[in-house]
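This report concerns only the one structure given below.
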Amino acid sequence: MNSDFARRRFLRYLAASPLFAAAHSLPAKAANEFWRDFTITSADQALDIFDLEKMAKDNVPPAHWASLIGGTEGDQDVLANRQGFAKFRIKPRRLVDTSKLDMSVTLFGRKWPTPIILDPVSRLNAFHPDGETAVAGAARKRDHLQVYATLATHPIDEVIAARGEPVWCQLYPTADWAITQGLIRKQEAAGCPVVMVTIDNPSTMGRVTAARGKQNDTRTCTDCHSTEPGGAYVRLPMFDGLDATKLTATTTNKLTWDLIPRLRDATRMKIILKGIMSAEDAALAVQHKVDGIVVSNHGGRSEESGLSTIEVLPEVVKAVGGRVPILIDSGFRRGSDIFKALALGATAVCVGRPYVWGLAAYGEAGVDRALQILTEEFKSAMISFGAPSIKAIDRSFLF
Ligand SMILES: Cc1cc2nc3c(=O)[nH]c(=O)nc-3n(C[C@H](O)[C@H](O)[C@H](O)COP(=O)(O)O)c2cc1C
């Protein structure tokens, strides 16, 4: 056997061996991760939500960026929210006519073209000077439901004018009932039909990433953040005319389920509880006659539980038994994520960071692009999986 023949035989042997195959197979990462090293120059070039995240990062100072992306402690719930989706897999159905696709959902008598809702996010002018008003412009263009945060930076009337119709509003029930009542009165006066009451934030501790961002920011926080009594709040428009000088936090660990009848007596708005993460609390919420719930862990910013919202959704759906609408948020980035939540029984899906990334990257055009991407991906999911309408998306799609 000459040496050339022996070498070729050896190489053939190597090529057939599993070791060789492993060494030359593609690394275990998704194909689209190979092209993350890029720059885009306009919102319309963003191909998915993560492109907007990447572009947003360069526009936002470190302290604000860290507060936007961070969670609590080791940020494990931020990760869990994304990883949770992998635990549910979808069985595609074939030969289903989806040519007249109906993506609409109805919430409290108002029909929306898609089940995609803009979550309340505080202090949006930290990400773009047009803040909530830019979000309203994009929500109006595509007819999405927008939820206005208690800690918003643009006045509610201005936002409603830009949206072209009343928005829903979010309420932090503070430890000071006079302030809480004052906030409710303002929301009602603005014409909000629904108040989303956030109950998942009894502690403001543990946001390590946000604190780290602050440490690594060279700017002086007090240049923008006031040090006067109640300074975090007194300059925000919802607190205009209310005495917030003694308010040190909008969250409190004093609240109990008594809150619900008190709120019911204080307002004619529909009441939705945001932050439900267990069947037990979902059952209590229904017992206390709320009008809806949001399964949420505040985008992984409430606690370090290791539990994603999508994982807890099935037990919540069971406990609620169809009596009130169930919204869900935290970690939704893809059309297929939305499809999974609806298949598990959610009525609609809210997003936070995805539209804020759009806002930070390109202002209103970026929010518009974020909504367009999510809508197109969800539409494509409905077609690919063979669901002609929202009603048709049920558990039979889950493997
Ligand atoms: C920077 C930031 C600020 C937020 N501010 C509020 C708020 O004021 N009130 C509230 O109920 N939720 C707030 N949230 C939580 C969102 O409403 C929503 O639950 C969360 O962002 C959903 O997760 P996602 O960002 O992964 O989509 C905030 C979230 C972020 C990222």
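Quick notes on this structure:
- Averaging Cα coordinates gives a centre for the range 238-283 and one for the range 126-177; these two points are 18 Å apart.
- Listed residues Phe85, Phe38 arranged by accessible area, highest first, probe 1.4 Å: Phe38, Phe85
- Cα centroid separation, the range 69-90 to the range 304-352 (Å): 13 Å
- Among Pro115, Ile184, Thr153 - extreme Cα towards positive end, dipole of the range 47-397, charges at beta-carbon: Pro115
- With both residues required to sit in the chain, DSSP beta bridges show an antiparallel share near 15%.
- Where Lys141, Lys274 fall by accessible area, highest first, once all protein chains stay in place (1.4 Å): Lys141, Lys274
- Mean Cα-pair separation over length for the range 47-397, i.e. relative contact order, pairs under 8 Å, 6 or more apart, %: 29 percent
- For the range 47-397, the carbon plus sulfur part of the accessible surface works out to 51%, probe radius 1.4 Å.
- For the chain, the dipole from Cβ point charges (+1 on Lys and Arg, -1 on Asp and Glu) about the Cα centre works out to 1360 debye, to the nearest 20.
- Solvent accessible area, Å² - Asp337, 1.4 Å probe, full protein context: 10 Å²
- Taking all protein chains together and rolling a 1.4 Å probe, Thr245 ends up with roughly 60 Å² accessible.
- Among the protein heavy atoms, those of Ser203 account for about 50 Å² of accessible surface (1.4 Å probe, every chain in place).
- A cut-off under 10 angstrom between Cβ atoms defines the neighbours of Phe397, and their net charge, with Lys, Arg +1 and Asp, Glu -1, is +4.
- Listed pairs Lys57/Lys141; Lys57/Lys214; Lys318/Lys391; Lys186/Lys246; Lys289/Lys391; Lys246/Lys270 exceeding 23 Å between Cα atoms: Lys57/Lys141; Lys289/Lys391; Lys246/Lys270
- Accessible area per residue in Å² at 1.4 Å probe, computed on the chain: 48 Å²
- Within the shell of other residues whose beta carbon sits under 14 angstrom from the beta carbon of Pro388, the net charge comes to +2, with Lys and Arg scored +1 and Asp and Glu -1.
- Counting charges near Ser104 (Lys, Arg +1; Asp, Glu -1) among other residues having Cβ under 15 Å from its Cβ returns a value of +4.
- In order through the range 212-224: 3J(HN,Hα) via Karplus (6.51 cos²θ - 1.76 cosθ + 1.60), integer Hz, x for Gly, Pro: 5, x, 5, 4, 9, 9, 7, 6, 8, 4, 5, 5, 10
The values are calculated or read from the model by the stated rules, or taken from the named source; none is laboratory data. Note that the coordinates shown come from a computational prediction; the quantities given were computed from them, not determined experimentally. Cβ coordinates were reconstructed from backbone atoms using ideal geometry, including for glycine residues, and neighbour counts include every protein chain displayed. The area values use the complete protein model at the heavy-atom level, side chains included, leaving out ligands, DNA and RNA. Shrake-Rupley method; radii C 1.70, N 1.55, O 1.52, S 1.80 Å.
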